[in-house]
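Undergrad: Below you'll find the structure I mean.
The values are calculated or read from the model by the stated rules, or taken from the named source; none is laboratory data. Here the structure is a predicted model, which is why all the values come from computation and not from measurement. Don't worry about glycine lacking a Cβ; one is built from the backbone with ideal geometry, like all the others, and counts go over all protein chains shown. To get the accessible areas, we keep the full protein, side chains included, count just its heavy atoms, and leave off ligands, DNA and RNA. Shrake-Rupley method; radii C 1.70, N 1.55, O 1.52, S 1.80 Å.
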Amino acid sequence: MKQNLVTKNTMELTSNESSFAAKKKQEALDIFKSMPMPREKEEDWRYTNIDNFKIDDFELNNSETKISATALSEDLIEKGIILTGINTAFEKYPIAQQYFLKNAKIDKDKFVALNAAHFTNGIFLYVPKNVELEEPIRINFNFDGQNSILHNIIIIEPNSKIDFIEEYSNREISKEQLNACVTEVFANPNSKINFYHLNTWTKNIYNFTNIVGAIERDSSINWISGCFGGKLNRLRLDTNFDGQGSQCNNIGVFLGKGKEHIDFTTNMYHNVENTTNDVLVDGILKDESSSVYRGLIKIEKQAQKTFSYLENHILKLGEKTLANSIPSLKIDANDVKASHGATVGQIDEEHMFYLMSRGLSREEAERLIVEGFFEPVIQKIPSEELREKIRDLVRQ
């Protein structure tokens, strides 16, 4: 049954380190230290050079982030919904410990290992069976120090449905800053989550965000993501289709300016039969910015009756921009439908000339083309609030 969500208040989530977290971090530390920094020649890092990123310049154990969260109503708390800090959850709720690092693999990615060894806070959201929320749960993560290292866990039990909105931002300081976040999302049978991720960074941020979703039988996760700003802004979305009838829509937008580099990855792992996936990621590059989009569809031998598609479009404004698109298919089943498409192109000067001949300045014409390029994908975003927010970021 549907439930009214909240008062309009927000709460700040803080908690001291739990003994469980301390133990797990110590276990992960050796793995983190033993792993080399990724190199551009590796497939997962192709076209992203982090040689200038010096991890020793950051005091990884000194991370503080302000987390503002939707305040749950008493009614929802009585229904069993839990929204609290990750350390509090580890101390009070055994299920938080059971799901921690269930899908995020610390021995495969240096920055997932960094997160496991050094996270200081994060959120834990648990939605019990048969709850459908009418309003979204909102979380804002903001930091003004040098580091933000967070681990989040979201569990949606069977027959429940929620919208979840997370926004990441920072206050600029004179030093370079680091955000290293891991979020694990679990959609249990016949559940649904619309997961909105939006980051807006200042020019000196290195962002490494990994989001991993597991979709069980007849459940769905819809990812809606926007990446704006940052010296290096890397977002990786991994989706595991673990139950028959599971489905996912993945909508992403990014905008690079100045000398920013955007690294956007979607990996779709079809592990069982009869699953459905649709990915659309569009980006625009201005000035001397660069980007790489990697899109993988992997279909296991037993994952027959799969339908999976991805497309990516990048519009370059200026000769000094650099865009790379790497869609790929790895298919071991024979009764599937899977395909991909990608385009990278410059702005059409004929369109510019036409608009300018109607009295617009070049800047106005360019802005109109940018808005028109993004509008079809923005229209696919379910939340009007997020549609308008992304439109505003595109106009800036």
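Undergrad: What number of residues in the stretch 120-136 are touching a residue at least 60 places away in the same chain (Cβ under 8 Å), open to solvent by 10 Å² or more (accessible area, probe 1.4 Å) and over 30 Å from Tyr206 (Cα atoms)?
TA: Summing the residues that are touching a residue at least 60 places away in the same chain (Cβ under 8 Å), open to solvent by 10 Å² or more (accessible area, probe 1.4 Å) and over 30 Å from Tyr206 (Cα atoms) in the stretch 120-136 gives 5.
Undergrad: Of the residues Leu13, Leu29, which single one is in contact with a Ser or Thr (Cβ under 9 Å, 6 or more places away or on another chain), within 23 Å of Gln177 (Cα to Cα) and open to solvent by less than 80 Å² (accessible area, probe 1.4 Å)?
TA: Leu13
Undergrad: Oh, and also: Can you go through Ile262, Ile284 and tell me which one is at negative phi, within 15 Å of the chain's Cα centre (by Cα), β-branched (Val, Ile, Thr) and open to solvent by less than 20 Å² (accessible area, probe 1.4 Å)?
TA: Ile262
Undergrad: Do we have any residue at all in the stretch 307-314 that's free of Cβ contacts under 8 Å to residues at least 60 places away in the same chain, surrounded by fewer than 21 Cβ atoms within 10 Å (Cβ to Cβ), at positive phi and not polar (S, T, N, Q)?
TA: No, every residue in the stretch 307-314 fails to be free of Cβ contacts under 8 Å to residues at least 60 places away in the same chain, surrounded by fewer than 21 Cβ atoms within 10 Å (Cβ to Cβ), at positive phi and not polar (S, T, N, Q).
Undergrad: When residues of the stretch 107-117 are filtered for being over 19 Å from Thr88 (Cβ atoms) and either at pLDDT below 95 or not hydrophobic (A, V, I, L, M, F, W, C) (or both), how many remain?
TA: Final tally of qualifying residues: 4.
Undergrad: While we're on this one: The conditions are (1) without any contact (Cβ under 8 Å) to a residue 60 or more places away in the chain; (2) surrounded by 19 or more Cβ atoms within 10 Å (Cβ to Cβ), and Ile77 fails exactly one of them. Which is it?
TA: Of the numbered conditions (1) without any contact (Cβ under 8 Å) to a residue 60 or more places away in the chain; (2) surrounded by 19 or more Cβ atoms within 10 Å (Cβ to Cβ), the odd one out for Ile77 is (2).
Undergrad: While we're looking at this one, here's another question. With respect to the numbered conditions (1) in a helix (DSSP H, G or I); (2) surrounded by 12 or more Cβ atoms within 10 Å (Cβ to Cβ); (3) not small (Gly, Ala, Ser), which one is the sole condition not fulfilled by Glu363?
TA: Going through (1) in a helix (DSSP H, G or I); (2) surrounded by 12 or more Cβ atoms within 10 Å (Cβ to Cβ); (3) not small (Gly, Ala, Ser) one by one, Glu363 breaks only (2).
Undergrad: Same structure again: Asp218 - would you say it is open to solvent by 10 Å² or more (accessible area, probe 1.4 Å), out of contact with any Cys (no Cβ under 7 Å at 6 or more places or on another chain) and either over 28 Å from Asn147 (Cα atoms) or among the small types (Gly, Ala, Ser) (or both)?
TA: yes
Undergrad: Answer with yes or no whether Ser325 is open to solvent by 30 Å² or more (accessible area, probe 1.4 Å), in contact with a Lys or Arg (Cβ under 9 Å, 6 or more places away or on another chain) and within 19 Å of Gly252 (Cβ to Cβ).
TA: Yes; evaluated as a whole, the condition is true for this residue.
Undergrad: Identify, from the list Ile156, Ile106, Ile165, the residue that is touching a helix residue (DSSP H, G or I) at 6+ places or on another chain (Cβ under 6 Å) and touching a residue at least 12 places away in the same chain (Cβ under 8 Å).
TA: Within the list Ile156, Ile106, Ile165, the selection yields Ile106.
The rows are residues; the columns are (1) at pLDDT 95 or above; (2) among the hydroxyl-bearing types (Ser, Thr, Tyr).
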site: Ile297; (1), (2): yes, no
site: Glu300; (1), (2): yes, no
site: Ser308; (1), (2): yes, yes
site: Leu329; (1), (2): yes, no
site: His340; (1), (2): no, no
site: Leu360; (1), (2): no, no
site: Lys389; (1), (2): no, no
site: Gln396; (1), (2): no, no
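Undergrad: Of all residues being part of a loop (DSSP other than H, G, I, E, B) and among the β-branched types (Val, Ile, Thr) in the stretch 265-281, which is surrounded by the fewest Cβ atoms within 10 Å (Cβ to Cβ)? Just the residue, please.
TA: So, considering only residues that are part of a loop (DSSP other than H, G, I, E, B) and among the β-branched types (Val, Ile, Thr), the one surrounded by the fewest Cβ atoms within 10 Å (Cβ to Cβ) is Val272.
Undergrad: (1) within 20 Å of the chain's Cα centre (by Cα); (2) outside any helix (DSSP H, G or I); (3) buried (at least 20 other Cβ atoms within 10 Å of the Cβ); (4) polar (S, T, N, Q): which one isn't true of Ser68, the others all being true?
TA: (3)
Undergrad: Is there a residue being in a strand (DSSP E or B), closer than 29 Å to Tyr99 by Cα, touching a strand residue (DSSP E or B) at 6+ places or on another chain (Cβ under 9 Å) and among the aliphatic types (A, V, I, L, M) anywhere in the stretch 216-224?
TA: Yes, the stretch 216-224 contains a residue that is in a strand (DSSP E or B), closer than 29 Å to Tyr99 by Cα, touching a strand residue (DSSP E or B) at 6+ places or on another chain (Cβ under 9 Å) and among the aliphatic types (A, V, I, L, M).
Undergrad: Among the residues of the stretch 125-136, which ones are farther than 18 Å from Thr209 by Cβ, assigned to a strand (DSSP E or B) and not hydroxyl-bearing (Ser, Thr, Tyr)?
TA: Listed by number, the residues that qualify are Val127, Glu132, Leu133.
Undergrad: Within the stretch 102-129, which residues are touching an Asp or Glu at 6+ places or on another chain (Cβ under 8 Å) and over 26 Å from Glu12 (Cβ atoms)?
TA: Correct list: Lys102, Asn103, Asp109, Ala113, Lys129.
Undergrad: Of all residues being farther than 19 Å from Ser325 by Cβ and not basic (Lys, Arg) in the stretch 336-352, which is most open to solvent (accessible area, probe 1.4 Å)? Just the residue, please.
TA: By that ranking, first place goes to Glu350.
Undergrad: Further question on the same structure: Looking only at residues in the stretch 137-194 that are in a strand (DSSP E or B) and open to solvent by 30 Å² or more (accessible area, probe 1.4 Å), which one is nearest to Ser383 (Cα to Cα)?
TA: Per the stated criteria, the residue is Asp163.
Undergrad: With the requirement that a residue be surrounded by fewer than 19 Cβ atoms within 10 Å (Cβ to Cβ) and either touching a strand residue (DSSP E or B) at 6+ places or on another chain (Cβ under 6 Å) or closer than 23 Å to Asn159 by Cβ (or both), what does the stretch 248-259 give you?
TA: Matches in the stretch 248-259: Asn249, Lys257.
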